[in-house]
Amino acid sequence: MKGDNFQIILIIVFLLAALIGVLVFSGAIPLGEDNEAGGQGTVTVWGTLRTDIIYPLLEPFNSENPSYVTKYEQKSAETFDQDLLEAIASGEGPDLVFLTDDLAFRYRNKVLVIPYQSYPSASFKQSFAGAGEVFLTNEGIVAFPLTIDPMVMFYNRSMLDSNGIVYPPKDWEEFAAISAALTKKDESNKIIKSGAALGHFSNVSHAKDIISLLFMQAGNPIISRNDAGELVSLLGNYQSKHSLESQLQYYLDFANPLKEVYSWNKSLPDSIEAFSREDLAFYFGYASELMALVNKNPNQNFLAAPVPQIKGEDAKVTMGRVMGIGIMASSKNLNTAFVAAGSLSADPNFGKKLAQKLGVAPARRDFMRDVPNDSFSPVFYNSALYAKTWSDPSDKETDSVFRNMIESVLSGSQTISEAIRDAGARIALLLLK
């Protein structure tokens, strides 16, 4: 009987916390005002972000929410999983984690899934840009999105200007033509200057993400949920609007010396290095890479543009990396953890400034209206609005799957159709782990 009473009390406490969280998100409870009913004590957040980024943001947040304290602990990206497992086993785990989209699947049994009865999916979709929906399951919400890091097309302005190209390409047909015009070769067909770094895997930065982008633009989500709520692979067994074979063939043609668009091979350096050396016109990278690109070559004359789209398609798609804040199911202070997570994601002094410090876009739609006045942020923020991603079961293992898909076709061991079907089957196996 005592056990039943404890369960009832626990449920009531959680539902109260959930209600408060919804009110915080909706604005019914103003942030920083009368939060005493919502949270007490101290909660700890784990993540791999640098402390010099998070500490200055948490200090005013804690001042505005005096009834509880939110602390941050930076962990190594290489040992994060192991550290977390050991901490949970010893009963010393964090209350919250900064969760990236590629960890959402792996941590699905470690975080508290917030039911839609507490926070409706419609409210979530109204509050956050579409890429944040990677944190939605059939049962509820895995994490509240904080930032979106969209893939964009960085381009060397000097190379385009020197070749009389006024604007960067907007669709893939135009991209292929401009890339071919910018690629310079010697008499032996050796590439001297490249228009595009596509076609291979090992020396193309973000190759998996670029291929995923092409597939998603074709209308294939790569991974989706079936009627039972289970994640399933859709590569090779899904009727996409555009052929995946044609999309992958487009990518591979840039590595074919017999094609007019030939512009990349395995002897060339990694694409980010080639771009910084000004030997590559277009580089597909993430918004967060901007400062790294500037530091590699401070004198380089480059800008960013949206990634090209399939010609004739109105709906735009780019890849995006999403970071959110999840509540650990093992937290000893679920009530305060819930309120803190909701408040952090809804507080403009945290969400907006975190995005600015990371060089990315905020995930909340209302925060996206205030675009920083510089040369890059308008492209970053606009791209974040139509960014998408997929529930990657294991970043390293799917990287190997995509690498095999590309290299098996290039080596002639598989046809394009066979390679895509094989990749889909391999991803399906990873989802069963």
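Coordinate-derived values only; no laboratory data. From a predicted model like this one, the values you see are computed outputs, not experimental measurements. With ideal geometry, Cβ positions are generated from the backbone for all residues, glycine too; neighbour counts draw on all protein chains shown.
Sparsely packed loop sites in the range 197-287 (the trypsin sites (Lys or Arg not before Pro) outside DSSP H, G, I, E and B with at most 16 other Cβ atoms within 10 Å) comprise LYS241, LYS259, LYS266, ARG277. A viscosity of 0.890 mPa s and a temperature of 25 °C, combined with the Kirkwood radius over Cα pairs in Stokes-Einstein, give a translational diffusion coefficient for the range 303-358 of 167 µm²/s. Pairs of C-alpha atoms in the chain farther apart than 37 Å represent 29 percent of all such pairs. The relative contact order of the range 176-308 comes to 29 percent, based on Cα pairs under 8 Å that sit 6 or more residues apart.
Across the range 145-297, the volume of the C-alpha convex hull divided among the residues equals 134 Å³ per residue.
If a helix is a whole DSSP H run, which ones in the chain reach 27 Å or further along their own axis (Cα) and hold a mean Kyte-Doolittle hydropathy of at least -1.0? Those that clear 27 Å and a mean of -1.0 are 2-26. Using only Cα coordinates, the Kirkwood hydrodynamic radius of the range 388-433 works out to 10.9 Å. What's the long-distance tail for the range 88-196, i.e. % of Cα pairs beyond 24 Å? Tail fraction, whole percent: 53.
Exposed loop sites here mean GluC sites (Glu not before Pro) with a DSSP loop assignment and at most 12 other beta-carbon atoms within 10 Å; the chain contains its longest site-free run at 261-433. Taking only the alpha carbons of the range 271-315, we obtain Rg and Dmax values of 12.5, 37 Å in that order. Based on Cα atoms of the range 315-402, Rg over Rh with Rh as the Kirkwood radius reads 1.04. The range 198-287: percent of C-alpha pairs farther apart than 16 Å? More than 16 Å apart: 60 percent of the Cα pairs in the range 198-287. Relative to the Cα centre, the charge distribution of the chain, modelled as +1 at Lys and Arg Cβ and -1 at Asp and Glu Cβ, gives a dipole magnitude of about 320 debye. Checking the cross-link filter: which lysines have an alpha carbon closer than 26 Å to that of LYS110, excluding same-chain neighbours under 8 positions apart? Within reach: LYS71, LYS75, LYS125, LYS332, LYS388, LYS396, LYS433.
Rounded to the nearest 5, the antiparallel percentage of DSSP beta bridges internal to the chain is 70%. Of all aspartates and glutamates in the structure, those lying under 12 Å Cα to Cα from LYS311, and not within fewer than 8 positions of it along the same chain, are ASP171, GLU173, GLU174.
Per residue, the convex hull spanned by the Cα atoms of the range 26-176 measures out at 206 cubic angstrom.
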